[in-house]
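So the structure is just underneath, and the comments pick up after that.
The values are calculated or read from the model by the stated rules, or taken from the named source; none is laboratory data. Only a predicted model underlies this, so the values are computations on that prediction, with no experimental measurement involved. Glycine also receives a Cβ, built like all others from the backbone with ideal geometry; neighbour counts cover every protein chain displayed. Protein only, heavy atoms only, side chains kept; ligands, DNA and RNA dropped before computing areas. Shrake-Rupley method; radii C 1.70, N 1.55, O 1.52, S 1.80 Å.
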Amino acid sequence: MDKEKIKQKLFTTIDGLKDKVIRVRRDIHKHPELSGHEEHTKYLVKGILEIEGYEIKEFEGHHGLLADLIVNPDKPFVAIRADMDALPIQEQTGKPYASEVKGVMHACGHDAHTAIAVGSALAMMQVKDQLPWNVRFIFQPSEEVNEGGASQMIEDGALEGVKAIFGLHVYPYLMTGQIGYKYGVMMASADTFEIEIFGKSAHGARPHEGVDAILVASMCVNSLNHIISRRIDPLHPAVISLGTIEGGTAPNVICDHVRLTGTVRTVNEGVRKKIPEMMEDAVKGNCHSMGANYNFHYNFGNPELINTDWAVDIIVQEAKKIVGEENVIDLKDPVMGGEDFSRYLQLVPGAFFRLGVCNPKKNTCVSQHHPKFDIDEDALPIGMKVLGAAAIEAMERLGEK
Ligand code: NI
């Protein structure tokens, strides 16, 4: 069968699966689980896919899952990845399928990602005999935390035999029926840091007998905020944001310890590598000038998400056929948010894209991580179709090489 006919069969199957996928999504939405606790979600996915003939692989120590559609054990895989975790947010949508877990909510749409991957897996099973390669569905835990689930899945062999990978994220800034793509860097690296300033305590009236950690910290805050504007090429966007500052015990005591934490975002690996040293220089210089000591700890989180050109070509080409040329949107600029799909893309080619879910009539245009965030479920089959078609195209393209 030619590949367009396989895709047509896949799309018809997907249309027939829509109600089931909505039910799966709502089940997950009602029972959200925080990063590292995705047990119910894992068993839900496993239960559905195992009956359909998927080979399921589970792991010690986390709730990730691999579901393999084996066409021929000697052939490679194309992978489709979904994340499963929710956020510590109290849902306020008032929808009938709202979270039943107090203080936990799928406010980033990972419930939709999981349901889309389940639906794609069910649909792919219907065209199994026509596929040249195997398909792997990666259901990963812990996307929302630094050092997240992608690293665990990779360590446990999720990419073994995988030649290309695709993933998506629901996106309330595009309308339902739209697909957003971006060549090259799509999302920023996301690192964190912690700085401790050690001064010397003294009576507030006798500052010369102490070392004021609050003053030194404020000098550091100033210097850190000058790094981006004065030391980084303005053509390379970067962010250094301080998120917390703690210190001091009483109004009349010179403070001897301040702790600062924050995040660093870049879209250029060269810039990213330089920033920790510049930050430590700033802290060191200020501490030295005032007789204070410091601890500087920089934690490299997810790298920049860099899409592979040919894989984006495939997304654009297939999306145009599915939603129409005018609905395939070039996102142009990267966003400074992070995403651990970047870790897979460091190792295998692939593409990440945005699935529009905004529908004002359904109140689904609220930003992610907001207590009123929700998606338009009419977008679910669109996501499944683009992922499925992209996987089939990638098999053909890589098979030719
Ligand atoms: Ni997310």
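Structural remarks
- Just one of the listed residues (E147, E143, E160, E155) is at pLDDT below 95 and assigned by TED's automatic domain parsing to the domain that holds K7, namely E147.
- Selection from segment 121-130 of residues that are open to solvent by less than 10 Å² (accessible area, probe 1.4 Å) and over 10 Å from T13 (Cβ atoms): A121
- For segment 91-127, filtered to residues that are of a type in the set (S, T, N, Q) and within 28 Å of I6 (Cβ to Cβ), the residue that is farthest from the ligand (Cβ to nearest atom) is Q126.
- Residue that is farthest from V335 (Cα to Cα), among those in segment 175-188 that are open to solvent by less than 10 Å² (accessible area, probe 1.4 Å) and within 16 Å of the ligand (Cβ to nearest atom): G180
- Test: residue in segment 169-188 that is closer than 25 Å to I314 by Cβ, polar (S, T, N, Q) and touching a helix residue (DSSP H, G or I) at 6+ places or on another chain (Cβ under 9 Å): yes
- Residues in segment 48-68 that are surrounded by fewer than 23 Cβ atoms within 10 Å (Cβ to Cβ) and either under 22 Å from Q152 (Cβ atoms) or acidic (D, E) (or both): 12 in all.
- Any hit, segment 251-260, residues being open to solvent by 40 Å² or more (accessible area, probe 1.4 Å) and without any contact (Cβ under 8 Å) to a residue 24 or more places away in the chain: no
- Of note, A164 satisfies the criterion of being touching a residue at least 12 places away in the same chain (Cβ under 8 Å), over 24 Å from T364 (Cα atoms) and open to solvent by less than 10 Å² (accessible area, probe 1.4 Å).
- Looking only at residues in segment 69-88 that are open to solvent by less than 30 Å² (accessible area, probe 1.4 Å) and within 19 Å of I28 (Cβ to Cβ), the one that is nearest to the ligand (Cβ to nearest atom) is D83.
- M279 touching a Pro at 6+ places or on another chain (Cβ under 9 Å), open to solvent by less than 20 Å² (accessible area, probe 1.4 Å) and either at pLDDT 95 or above or not assigned by TED's automatic domain parsing to the domain that holds E144 (or both): no
- Hits in segment 19-31 - residues which are open to solvent by 60 Å² or more (accessible area, probe 1.4 Å) and part of a helix (DSSP H, G or I): D19, K20, R23, R26, K30
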